[in-house]
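Data first, discussion second: the structure below is written as structure tokens.
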Amino acid sequence: MSDCIFCRIAAGEIPAQRVHEDEHVVAFHDLHPQAPTHVLIIPRRHLVSLHAAGDEEGLLLGRLLLAAREIAERLGIGTGYRVVTNCGASAGQSVFHLHLHVLGGRPLGWPPG
Ligand code: AMP
């Protein structure tokens with residue numbers, strides 16, 4: 001989708017501080033980090049949110065989660081981090097291309113806001 005900012009990051013049309021990329025997945029530092037480490041992991045293929053994913057996306061969703069684990073370990077937060085995906089505006093989603101937030105590097109409270 002040409003008007004989707006994360007599609008444009010995946011395509012290399014908008015710069016981002018990438019920490020991982022492969023055939024299916026791209027990961028980059030969040031522009032407005034909410035923790036010392038705050039990485040976003042996106043599928044290259046446009047999907048609006050987790051809620052728009054069907055059974056056929058199972059493998060892709062697994063790839064996103066495994067990328068989260070690998071990146072957390074590599075960035076030194078493997079002992080404590082949070083993986084979040086906001087689904088829908090009322091849950092805080094502001095970019096409508098599926099993404100996982102990986103947050104760590106500080107104590108993370110629960111419940112979230
Ligand atoms: P959400 O509110 O869950 O949809 O998360 C969207 C996230 O994307 C926010 O944390 C933003 O700070 C982040 N964001 C928006 N634009 C960019 C960008 N160009 N590069 C990196 N992160 C971005």
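The values are calculated or read from the model by the stated rules, or taken from the named source; none is laboratory data. These numbers were taken from a predicted model, which means no experiment stands behind them. FYI the Cβ positions are ideal-geometry reconstructions off the backbone, even for glycines, and counts take in every protein chain you see. Areas reflect the complete protein model, heavy atoms only, side chains present, ligands, DNA and RNA absent. Shrake-Rupley method; radii C 1.70, N 1.55, O 1.52, S 1.80 Å.
Structure above, values below:
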item	result
Residues of region 1-11 that turn out to be in a loop (DSSP other than H, G, I, E, B) and either β-branched (Val, Ile, Thr) or open to solvent by less than 60 Å² (accessible area, probe 1.4 Å) (or both), as a count	1
Per-region count, region 12-43, residues surrounded by 16 or more Cβ atoms within 10 Å (Cβ to Cβ), of a type outside the set (Asp, Glu) and in contact (Cβ under 8 Å) with a residue 24 or more places away in the chain	12
Qualifying residue in region 26-38 (condition: out of contact with any helix residue (DSSP H, G or I) (no Cβ under 8 Å at 6 or more places or on another chain) and charged (D, E, K, R))	yes
In region 49-102, the residues that are part of a helix (DSSP H, G or I) and of a type in the set (Gly, Ala, Ser)	Ala52, Gly58, Gly62, Ala67, Ala68, Ala72, Ala89, Ser90, Ala91
Subset tally (residues that are open to solvent by 60 Å² or more (accessible area, probe 1.4 Å) and in contact (Cβ under 8 Å) with a residue 24 or more places away in the chain) for region 76-106	4
Condition met for Leu47 (open to solvent by 80 Å² or more (accessible area, probe 1.4 Å) and at pLDDT 95 or above)	no
Out of Leu75, Leu98, Leu64, Leu103, sole residue that is in contact with a helix residue (DSSP H, G or I) (Cβ under 7 Å, 6 or more places away or on another chain), hydrophobic (A, V, I, L, M, F, W, C) and within 16 Å of the ligand (Cβ to nearest atom)	Leu98
Region 5-25, subset under 19 Å from Asn86 (Cα atoms) and in contact with a His (Cβ under 7 Å, 6 or more places away or on another chain), residue farthest from the ligand (Cβ to nearest atom)	Cys7
